[in-house]
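Q: Pasting a structure here, questions to come.
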Amino acid sequence: MDKIHIICVDDQPEVLDSVMRDLRPLSEYVRLEDASGTTDCLRLMDQVDAEGGHIAVVISDQVMPGETGTDLLGKVAKDRRFRHTRKVLLTGQATHADTINAINEGQVDNYVEKPWEPEKLLSAVKRLLTLYLLDAGIDYKPYMSIIDTPTLFSKLH
Amino acid sequence: MITLPDHIMRPLKRVNRVYFTDPDRILAVPAGGDLVRQNEECHRLFLVLRGNFVAYRRSETFEGSHLPAETQVRGQEVFRAEPRSYVCVQSFFSRSYHSSYHIVALEDAEVAYIDDNTPAIEPELYGSLEQQFIPVLVHELAARNFRIFTHVSEKEEAVRLLQRAEMAATLSQLSAGIAHELNNAVGVISRRADFVADHLSEFLNEEAPQNAELFRLGYEDDSFVAASDLRARAREFEREWGLSQEAAKVLAHVVHGEDELAQRGASFVKHVGKNYRFWELGHDLRDLQIAARHASGIVRAVKLLGGGSSSRTEGVNVNQSVKDALSLLTNRIKNMRVFTQFGETPAIFADLTELVQIWTNIIKNACDAMEHAATPQPEISITTSHIHADGLQLLPAEYVAVTISNNGPPIPEEIRDKIFQPSFTTKKLGLDFGLGLGLSIVRRLVDSYGGTIELHSSNSITSFTVNLPTTQIHG
């Protein structure tokens, strides 16, 4: 299944549903998946990868029982299979130390504060999706209607 | 104890030896006796040999006023003099011969002295009396410096505590205000979600009963299915029935097994495929309700932490408050074995809601800990008893003790001090009573009753014992 996936991770189902709903404009072109925590997300990523799918963006909550979002994104960053995967940390409560950690350990590409503005989240994800397509060498033409054109042009020229 | 360099200490010891050992110039002062009184004429310089003295100073403005309070009669404590300290140094060497303090012996004491007639000893070798007494003056300077330093740091500490108390008071006022405003806002969200749900439900019932059912299923959804299971089922439906990802997910929520699917039939699946949005609509309203409940739960917790209104009355039954707490938590403890052993406890002066709050927070905390650690056969046991603390004068004589134990994981040594602090939590933020306020509320409430909390935690059992005095302590 040569399909682009975007994965959202949050342990609070109500919040997770809201993120998923805000990203729904993308669902015609990419698969939106949700995961309830770090372990669930990593299992899902293994599965998607095994089926030949691509994981373009992972959007994770920071504060979860067990491992944090930073821990999860750090693991994704270290995994060769997901070297092009873009990472977003979604958090309502981040200290200075958390932020530094997220950048150094989690290698996040974007930081979205809760409560988030749907348009901003959507445009951030579109931009990261565009970068992923270019980095992974995937033909971007089928995705033209959800691609961030300024990012595309800046990368092409 | 003042320590000085050797070249001062040696001559100082000589001075003490040659001037302050004459039996004719040694006085015994009984405990409570005066050495000198404030403003009294005094031509002596004293060295304390034995016992401790305290120096008081009375503000001049209180002189002659009628019926002064006790502290005004006695004055304010200025310093204490222990053996080997000198007293009346300034009045002696300034030749004012007036004591600035009222100096009283704290216990049976002994002092030696010189007066303005005492001649210098061996002046040809050691110089004039003043010259010989320079080490004494240096010692006095050092002692006064030390005293000032101590006073300043005590004062700073007092100011800091005062500021903290003021901040807490402001915070408590602020939290009451914020709680009020937020409750109004949350109330609107919650009530309107109800109205919208009712109206939509009625409307759908008239127009399209099948969609009304989907809507209701979404609104009342309380299935607790692991995300991965749900995802797997949704994928299956997606492949088998050619549904969209969203519709398949809704179907996975609504239909729980093959049997149910067979019973519902293909037409239902097709209907969901087209109309899954009605389920989502119901589910959205349900989430609104849940979020509003979370918000008001947090507001309640913050209000309690800030110290809301408490109405305490006589005759509150502690055993009843424990039973109330258990019935409030019925849902939470249904998977646990709960043992109770109620002793004969006297009625106390308390606010029933506050007591219930104490027990629910401790019990909830135990449930969370056991759930998180997946403790096999989780157990909670609660005992109440009436304790007479004979002989322990420091504690109230009688109290009611409530012990709540669980067989969950031990509380690590290093966090035992911290668990009662606000915002210390090992849990995820936000839900139910979140913010790590639970145990800090317990601590604040128990403190306000003059009670104590004991915590014991081992591998097999963790217990919290709350001791509440049966009589209010005043002052």
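Q: Quick one: what do you get for chain B if you divide its Cα Rg by 2.2 N^0.38 Å?
A: 1.64
Q: Here's a follow-up. With the crude spin-label approximation of a point 7 Å out along Cα→Cβ, what separation in nm comes out for A:R83 versus B:V188?
A: Label at A:R83, label at B:V188, 5.4 nm between them.
Q: Counting only other residues whose beta carbon sits under 15 Å from that of B:T403, what net charge do I get with K and R as +1, D and E as -1? Kindly include the intermediate steps, with their values, before the conclusion.
A: Values: positive: none; negative: B:E379, B:E454.
So the environment of B:T403 carries a net charge of -2.
Q: Once fully extended, how much extra length lies between B:I134 and B:E77, figured as 0.36 nm per residue of separation less the alpha-carbon to alpha-carbon distance?
A: On the way: separation 57, 0.36 × 57 = 20.52 nm, distance 2.75 nm.
Once the chain is fully extended between B:I134 and B:E77, it gains 17.8 nm.
Q: Modelled label-to-label distance, B:L455 and B:E240, 7 Å Cα→beta-carbon offset: nm?
A: Going by the 7 Å Cα→Cβ label model, 5.1 nm.
Q: To the nearest 0.05, what FRET efficiency results for A:S123 and B:E207 with a Förster distance of 45 Å applied to their C-beta separation?
A: Values: r = 37 Å, r/R0 = 0.83.
Computed FRET efficiency for A:S123 and B:E207 comes out at 0.75.
Q: For chain B, give the percent of accessible area contributed by carbon and sulfur heavy atoms, probe 1.4 Å, rounded to a whole number. Please report the intermediate quantities before stating the final value.
A: Numbers: 14770 of 26970 Å².
Answer for chain B: carbon and sulfur cover 55 percent of the accessible area.
Q: So how many Å³ per residue does the convex hull of the Cα atoms of the protein assembly as shown work out to? Before the final figure, lay out each step's value.
A: Values: hull volume 178.5 nm³, N = 632.
Dividing the Cα hull volume of the protein assembly as shown by its residues yields 282 Å³.
Q: Cβ neighbours within 10 Å, averaged per peptide: list B:355-363, B:404-412 in order, most packed at the top.
A: Numbers: B:355-363: 23.8, B:404-412: 18.9.
The densest-packed peptide leads the list: B:355-363, B:404-412.
Q: Can I ask one more? Not counting ligands, DNA or RNA, and with a 1.4 Å probe, what is A:R83's accessible surface area in Å² rounded to the nearest 10?
A: It works out to around 130 Å².
Q: Here is a further query. Rank these residues by their accessible area, most exposed first, probe 1.4 Å: B:K13, B:K249, A:K87, A:K78. If you can, show how the numbers build up before the last one.
A: Numbers: B:K13 130, B:K249 55, A:K87 15, A:K78 160 Å².
Reading off the accessible areas and sorting them downward yields A:K78, B:K13, B:K249, A:K87.
Q: Amide H to amide H, which residues 5 or more places from B:S85 or on other chains are under 5 Å from it, using H placed in the peptide plane?
A: Here B:V48 satisfy the definition.
Q: How would you rank B:126-134, B:155-163, B:95-103, B:439-447, highest first, on the average number of other Cβ atoms within 10 Å across their residues?
A: B:439-447, B:95-103, B:126-134, B:155-163
Q: Mind listing the long-range amide H neighbours of B:V78? Cut-off is under 5 Å, sequence gap 5 or more, other chains count too, H placed in the peptide plane at 1.01 Å from N.
A: Amide H to amide H, under 5 Å and 5 or more residues apart or across chains, B:V78 pairs with B:A55, B:Y56, B:R57.
Q: On average, how many beta carbons from a partner chain sit within 10 Å of the beta carbon of a residue in A:9-17? The partial results should precede the final answer.
A: Values: counts 1, 1, 4, 8, 7, 9, 3, 1, 4.
The shielding value for this peptide is 4.
Q: Right, here's the next one. Sort B:2-9, B:313-320 by packing, meaning the average of other beta carbons within 10 Å per residue, with the highest value first.
A: Values: B:2-9: 10.9, B:313-320: 15.2.
Result, highest mean first: B:313-320, B:2-9.
Q: Next question. Quick check for you: which residues of region B:88-106 have the amide N under 16 Å from the point 7 Å beyond the Cα of B:A28 toward its beta carbon?
A: Under 16 Å, as judged by backbone N against the label point of B:A28, lie B:105-106 of region B:88-106.
Q: By the scheme Lys and Arg +1, Asp and Glu -1, what is the net charge of all other residues having a beta-carbon under 10 Å from that of B:T360? Don't jump to the answer; show the numbers that get you there.
A: Details: positive: B:R332, B:K364; negative: B:D324.
Here the charged neighbours net out to +1.
Q: Same structure, new question: Applying the Karplus parametrisation 6.51 cos²θ - 1.76 cosθ + 1.60 with θ = phi - 60° to the phi angles of region B:191-196, what ³J(HN,Hα) value in whole Hz is obtained for each residue in order, glycine and proline being reported as x?
A: 5, 5, 4, 4, 4, 4
Q: Could I ask something else about it? Students sometimes get this wrong: rank B:H386, B:H151, B:H139 by accessible area, probe 1.4 Å, all chains present, largest first. Mind showing how you got there, number by number?
A: Values: B:H386 60, B:H151 90, B:H139 10 Å².
Accessible-area ranking of B:H386, B:H151, B:H139, largest first: B:H151, B:H386, B:H139.
Q: A further question follows. Amide H to amide H under 5 Å from B:N52: which residues, 5+ apart in sequence or cross-chain, H placed 1.01 Å off N in plane?
A: Amide H neighbours of B:N52, under 5 Å, 5+ apart: B:L106, B:E107.
Q: Another question about this same structure. Just the Cα atoms of region A:48-115, one point each, no solvent: what log10 I(q)/I(0) does Debye give at q = 0.14, 0.21, 0.29 Å⁻¹?
A: Each listed q corresponds, in turn, to -0.39, -0.81, -1.33.
Q: Tell me the GluC sites (Glu not before Pro) within region A:1-91 that lie in a loop according to DSSP and have at most 16 other beta-carbon atoms within 10 Å. Numbers along the way, then the final one.
A: Numbers: sites: A:E14, A:E28, A:E33, A:E51, A:E67; in loops: A:E28, A:E51, A:E67.
Loop-located and lightly packed - A:E28, A:E51, A:E67.
Q: Compute the acute angle (0 to 90°) between the alpha-carbon long axis of helix B:352-372 and the principal axis of greatest extent of the alpha-carbon atoms of chain B; round to the nearest 10°.
A: Roughly 70 degrees, rounded to the nearest 10.
Q: Oh, and also: If you take every DSSP beta bridge whose two residues both sit in the protein assembly as shown, what share of them, in percent to the nearest 5, is antiparallel?
A: Numbers: 49 of 75 bridges.
Counting only bridges with both partners in the protein assembly as shown, antiparallel ones make up about 65 percent.
Q: Looking only at other chains, what is the average number of their beta-carbon atoms within 10 angstrom of each beta-carbon in B:280-287?
A: On the way: counts 2, 0, 0, 3, 4, 0, 1, 6.
Taking all residues of B:280-287 together, the mean is 2.
Q: Rounded to the nearest 0.05, what FRET efficiency do A:E67 and B:K334 give with R0 = 30 Å and r taken as the Cβ-Cβ distance? Could you check? Write down the numbers at each step before the final one.
A: Working: r = 29 Å, r/R0 = 0.97.
Computed FRET efficiency for A:E67 and B:K334 comes out at 0.55.
Q: Something else now. Using the Karplus curve 6.51 cos²θ - 1.76 cosθ + 1.60 with θ = phi - 60°, what ³J(HN,Hα) values do you get for each residue of region A:50-66, in whole Hz, with x for Gly and Pro?
A: So the J values, rounded to whole Hz, are 4, 8, x, x, 9, 10, 7, 9, 10, 10, 10, 5, 8, 8, 9, x, x.
Q: Enter the accessible area of B:S327 (Å², nearest 10), with the probe set to 1.4 Å and all protein chains included.
A: 80 Å²
Q: At 1.4 Å probe size, with no ligands or nucleic acids counted, give the accessible surface of B:T353 in Å², nearest ten.
A: 100 Å²
Q: If all Cα-Cα distances of region B:224-306 are sorted into 5 Å bins from 0 onward, what percent lands in each bin, rounded to whole numbers?
A: Spelled out per bin, shortest first, that is 3, 14, 19, 19, 14, 8, 7, 6, 5, 3, 2, 0.
Q: If you don't mind, another one. What average number of partner chain Cβ atoms lie no more than 10 Å from the Cβ of the residues making up A:57-68?
A: 1
Q: So for B:R10, B:R58, what's the accessible-area order with a 1.4 Å probe, most first? Don't skip to the answer; put the middle values down first.
A: Numbers: B:R10 150, B:R58 65 Å².
Reading off the accessible areas and sorting them downward yields B:R10, B:R58.
Q: Then there is this: Can you tell me how much longer the chain between B:S223 and B:K155 gets when fully stretched, taken as 0.36 nm per residue apart minus their C-alpha distance, in nm with one decimal? Intermediate values should be presented prior to the final figure.
A: Working: separation 68, 0.36 × 68 = 24.48 nm, distance 6.01 nm.
My answer for the length gained is 18.5 nm.
Q: Set the Förster distance to 60 Å, then compute FRET efficiency between B:Q90 and B:H386 from the Cβ-Cβ distance, nearest 0.05. Can you show the working numbers first?
A: Details: r = 60 Å, r/R0 = 0.99.
Once rounded, the FRET efficiency stands at 0.50.
Q: Among B:P346, A:V19, A:A136, whose Cα projects farthest towards the positive end of the dipole of the protein assembly as shown, with charges put on the beta-carbon of Lys, Arg (+1) and Asp, Glu (-1)?
A: The residue sitting farthest along the positive end of the dipole is A:A136.
The values are calculated or read from the model by the stated rules, or taken from the named source; none is laboratory data. Since this is a predicted model, take the numbers as computed values, not measurements. Note that we place each Cβ from the backbone using ideal geometry, even for glycine, and neighbour counts take in every protein chain shown. What goes into the accessible areas is simple: the full protein's heavy atoms, side chains included, and nothing from ligands, DNA or RNA. Shrake-Rupley method; radii C 1.70, N 1.55, O 1.52, S 1.80 Å.
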